[in-house]
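Working notes, structure below.
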Amino acid sequence: MGYEYDDQNIFAKILRGEIPNETRLETEHTLAFNDIDPKAPVHVLIIPKGPYVCYDHFASLATEAEIVDFTRSVADVCRMTGVAPGSGGEGYRAIANAGDHGVQEVPHYHLHIMGGRGMGPMISRQG
Ligand code: 5GP
């Protein structure tokens, strides 16, 4: 039980500077960069610098400083990309996939911020 962090995942390599990224914001505990395969005009991934596998792992074990830094970074990214409704934007969708059922591809916690177009229904209904 519990989480084991694989430090060979692609976002760990981005954090170590081993592969490039289009950085949108960097703080002490957080990095935000453009998704390499954007599904919307705005598609930014926000990740903690710490070794957390998914959202609940981060929410359980991150320090208060990391959580505050990450959460404020989300606000900054929404504002700077122009999608924050409170700053004249038209809105966005925030998604955190986890595990097999969540169809998480990269096992380093990341929040997708997507916008710049209508994002459609949240999820398709299944029988
Ligand atoms: P997940 O399915 O794990 O929630 O999403 C992983 C996301 O990471 C996908 O949207 C994919 O396009 C993105 N991604 C995968 N590899 C890279 C990469 O090397 N660089 C960047 N910027 N994004 C990546």
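The values are calculated or read from the model by the stated rules, or taken from the named source; none is laboratory data. Here the structure is a predicted model, which is why all the values come from computation and not from measurement. All Cβ positions, glycine included, derive from the backbone under ideal geometry; neighbour counts span all protein chains shown. Areas reflect the complete protein model, heavy atoms only, side chains present, ligands, DNA and RNA absent. Shrake-Rupley method; radii C 1.70, N 1.55, O 1.52, S 1.80 Å.
For residues that are aliphatic (A, V, I, L, M) and open to solvent by 50 Å² or more (accessible area, probe 1.4 Å), scanning just the range 65-79, find the one that is nearest to the ligand (Cβ to nearest atom).
Kept after step one, since they are aliphatic (A, V, I, L, M), are these residues of the range 65-79: 65, 67-68, 74-75, 77.
Still in the list and also open to solvent by 50 Å² or more (accessible area, probe 1.4 Å): 65, 67-68.
Working: 65: 25, 67: 20, 68: 23 Å.
Looking at the filtered set, the residue picked out is 67.
Of all residues in the range 93-119, which are more than 10 Å from the ligand (Cβ to nearest atom) and in contact with a helix residue (DSSP H, G or I) (Cβ under 6 Å, 6 or more places away or on another chain)?
113
Could you list, in sequence order, all residues of the range 73-88 that are in contact (Cβ under 8 Å) with a residue 12 or more places away in the chain and farther than 17 Å from residue 27 by Cα?
Keep residues of the range 73-88 that are in contact (Cβ under 8 Å) with a residue 12 or more places away in the chain, which gives 73-74, 76-78, 80-83.
Selection gives 82, 83.
Residues checked against (1) within 16 Å of residue 34 (Cβ to Cβ); (2) at pLDDT below 95; (3) of a type in the set (S, T, N, Q); (4) open to solvent by 30 Å² or more (accessible area, probe 1.4 Å):
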position	(1), (2), (3), (4)
81	yes, no, yes, no
85	no, no, no, yes
90	no, no, no, yes
94	yes, no, no, yes
103	no, no, no, yes
110	yes, no, no, no
121	no, yes, no, yes
